[in-house]
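Inspection log for the structure reproduced underneath, given as C-alpha cells.
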Amino acid sequence: MANSNTQLIKPQAFRRGLDLGSIHPVAAQPIEEMPAPKRIYVSLKQHRGGWCMSDVSVGDQVKMGQILAEGADPDTAPIYAPVSGKVIAVGDHPDSTSGRMTPTVTIENDEADEWLNEPVTDAAFLDKNPTDLIRAVRSAGVVQSAGGRPLASMLSPSGHPQAYYFLVGKPVHKPVDLLIINALDHEPTIAVNRRLLQEKYDDLKIGIKVVEKIVAHKQSVLAVSDDIGIDAEAVRALSGEGIQTVVFHNRYPLAAPPLLTTAVTGKELPWPGGDPQDVGALVLTVEDILGILDAVREGRPRIDRVVTVRGPDIPPRNLKVRIGTTIEEVLKFVNASFDGTDKVVVGGVMDGVAQFSLHAPITKLSRAIHVISAKHLVEIAEDLCFKCGRCVEVCPMRLLPNVIGNLCEFGQFDEAEDAELFKCIECGCCAYVCPARRPLIHYFKHGKSELEAKRTAQ
Ligand code: SF4
Ligand code: SF4
C-alpha cells in the first residue's frame, strides 16, 4: 500500500437525510446461490451511457459468457449470456431498472452452464500494465453499482499513457489521491456490500491492489457502518494492510458517492455535475472492487450479482442471482406470498423503481427486491405546499425542494433549473417527510426530462 497521508481524510458527521436505522436482520444473512431459471431475459440497457446493440438473433445457440450485445461508445459495457442455451426472442420486454419496455434477449436455458471461455485464474494478472487491466475491466462489462457508469470509464491511470487515450476515446485529467472503499449499503434493508465485505475480504484486499496498480492513488480508506464497526474480522484484516477505517452511522443517503466523499474528506464537490474525482477521490463499493478483480484475475464477465430480497412475509435473504432472472422467479425461490395490491420495488425502498410487471428481469444494477404490503403504502396527494420547511431540513444537497417542486409543478422549468434542480439526487427524503404528501420526486423527474428534451431539440 502506498504511503499513508492522513490529510486526505477529514471525516465529518453527516446530519441531513434520514435515520432509517443501521441495523437490520438482513445483514446477518449469508449470500446463497440461486439456481438459474429455465428462461432468462437479458435487458440491453444495463448501464448509464450509450446503448448496446444485439449481436445475436433468434435461433442462435449461445454459451455462458458469450457477448450478447455491445456498443462502440467507450462509455458502454458489453452484456454477456448468463446461461448457455438458445435465443428464443430479441425484442421489447419490461425492464426493472428503467421501468419501461426495453430491447431484451430471451434465452431458453439448456441447464448445461457451458462457458464459451471458462474463467481461469491468471497467476500473473498483477504484472499487467494499467491499460491492459482497464481493458480487462471494460471487456468484462462491469458497471458501477452505485451509479451505473461502466467501471472502466472511471479508472484512469495516473500517467494517462497514449494507449489509454485510444482505449477510452478521451483523455482523463483527474488524478486520484484517495480510494474510498464504500462498504455501506444504500439503505439498511439492503446488505450487499456488508455481506461481501464479511465473506470476501481476502479477495477485496487483492482487488484494492489492482485498483492501486491502475490509478496509483496515495491512500485507501474503508467506509463502514456502525453495525459492522472496527472490530469486525474483515475490518481488522484490511487495517492490517494499511487501510484506514472510518465508521459512520449510515444515515440515508450517505452511501451516495458525492455525499460519502464529502463525509470522508471534508471537501465539497462542485455542483451541478460534480464528481468525487473533482476532489481527488474515487469511490468504489466492495461489489465494484470484487467485480474488477473477477475481470482481471479470471477474465470473468459480469453474469450474476448479489440481490437482497425482503418483504413482510419473506425472511430476508441475500441471493447471488443470474442477470436476466425475472423478479417473479426470485420471489418464487424465496416462497414469497403476496397479492396484487402489494407493491414490488427493485432497488431501495426510498428511491427504487416500482415494477409494473414481475416479468422484468434482474440487471447489473438491481441491488434489491422489496415487496411492500399494501397496508404500508402511503398515498400521494396533490395538496398544496404549506411551507412547513421539513423537506428543506432533510435535503442532503441543501436544496429548497418545496420551491423546486412548485416551479416544476407549474411548468416553470428554467426557473427550477436556476434553483438547482439538477443538483437533486432524487433520494426521496423530501417526499418521505412531506406532510402534504406532495409527489415531489415526480415533479423533479418531470422537470429534468422536460429540460433535457428542450436541450436535445436545440
Ligand atoms: S430535493 Fe432531491 S436531493 Fe433534496 S431531499 Fe429531495 S430528492 Fe433528495
Ligand atoms: S415538506 Fe411538503 S408541505 Fe412542507 S415545505 Fe416541503 S413541500 Fe411544502
For this session: Report relative contact order for the range 284-400 in percent, whole number only (criteria: Cα-Cα under 8 Å, sequence separation at least 6).
Result: 24
For this session: Excluding residues on the same chain fewer than 8 positions from LYS375, give the lysines whose Cα lies under 26 Å from its Cα.
Result: LYS332, LYS343
Exercise. Do any cysteines of the chain lack a neighbour Cys whose Cβ is under 4.7 Å away, and which are they?
Worked result: CYS52, CYS385, CYS388, CYS395, CYS408, CYS424, CYS427, CYS429, CYS434
Exercise. Membrane-span-like helices in the chain: DSSP H runs reaching 27 Å or more (Cα, own axis), mean Kyte hydropathy at least 0.5?
Worked result: none
For this session: Evaluate E = 1/(1 + (r/R0)^6) for ASP414 and SER98, where r is the Cβ-Cβ distance and R0 equals 25 Å; express this FRET efficiency to the nearest 0.05.
Result: 0.40
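Starting from the Cα gyration tensor of the chain, take the square roots of the eigenvalues, sort them a ≥ b ≥ c, and report rounded, prolate or oblate (rounded when a/c is under 1.5, otherwise prolate if a/b is larger than b/c, else oblate). Kindly include the intermediate steps, with their values, before the conclusion.
On the way: a/c = 1.36, a/b = 1.10, b/c = 1.24.
Rounded, since a/c falls under 1.5.
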For this session: When a/c is below 1.5 the answer is rounded, else prolate if a/b is larger than b/c, else oblate, so apply that to the range 220-306 with a ≥ b ≥ c taken from the square roots of the Cα gyration tensor eigenvalues.
Result: oblate
For this session: Among the listed pairs LYS200/LYS320; LYS205/LYS320; LYS267/LYS423; LYS267/LYS445; LYS174/LYS448, give every one whose C-alpha distance is greater than 25 Å.
Result: LYS267/LYS445; LYS174/LYS448
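If we sort 195-206, 225-236 on the protection proxy, mean other Cβ atoms within 10 Å, highest first, what's the order? Mind dumping the intermediate values first?
Working: 195-206: 19.4, 225-236: 15.8.
Peptide ranking by packing, descending: 195-206, 225-236.
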Exercise. Any idea what log10 I(q)/I(0) is at q = 0.10, 0.14, 0.16 Å⁻¹ for the range 1-150, Debye with uniform C-alpha scatterers and no solvent?
Worked result: -0.54, -0.92, -1.06
For this session: Note the full-extension length gain between GLN458 and PHE386 as 0.36 nm times their separation in residues minus their Cα-Cα distance, in nm to one decimal.
Result: 22.3 nm
Exercise. Which percent, to the nearest 5, of DSSP beta bridges fully inside the range 309-458 are antiparallel?
Worked result: 80
For this session: Sequence neighbours fewer than 8 away in the same chain don't count; with that in mind, list the lysines whose C-alpha is under 20 Å from LYS86.
Result: LYS38, LYS63
Exercise. Tell me which aspartates and glutamates have Cα within less than 14 Å of LYS213's Cα, excluding those fewer than 8 residues away on the same chain?
Worked result: ASP127, ASP132, ASP177
Problem set entry | Cβ-derived FRET efficiency at R0 35 Å, LYS267 paired with LYS445, nearest 0.05 | 0.75
Exercise. Cα gyration tensor of the range 10-67, axes a ≥ b ≥ c as square roots of the eigenvalues: rounded (a/c below 1.5), prolate (a/b > b/c) or oblate?
Worked result: oblate
Exercise. Taking a label point 7 Å from the Cα of HIS359 along the Cα→Cβ vector, which residues of the range 25-64 have an amide N closer than 19 Å to it?
Worked result: 37-45, 58-59
Seminar exercise, completed: So the FRET efficiency between LYS332 and ARG15, C-beta based with R0 = 60 Å and rounded to 0.05, is 0.90
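Please give me, ordered by residue number, the trypsin sites (Lys or Arg not before Pro) of the range 39-108 that lie in loop per DSSP and have at most 12 other Cβ atoms within 10 Å.
Numbers: sites: ARG39, LYS45, ARG48, LYS63, LYS86, ARG100; in loops: LYS45, ARG48, LYS63, ARG100.
Listed in order of number, the matching sites are ARG100.
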Exercise. What number, rounded to the nearest 500 deg cm²/dmol, is the helix-based mean residue ellipticity at 222 nm of the chain, given -39500 (n - 2.57) per DSSP H run of at least four residues and division by all its residues?
Worked result: -7000 deg cm²/dmol
Exercise. How would you order 354-362, 448-456, 11-19, 174-182 from highest to lowest mean count of nearby Cβ atoms within 10 Å?
Worked result: 174-182, 354-362, 11-19, 448-456
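Read-outs: derived from the displayed coordinates by stated rules, not from any lab. Note that this is a predicted model, so its numbers are computed, not measured. Note: ideal-geometry Cβ built from the backbone for every residue, glycine included; neighbour counts use all protein chains shown.
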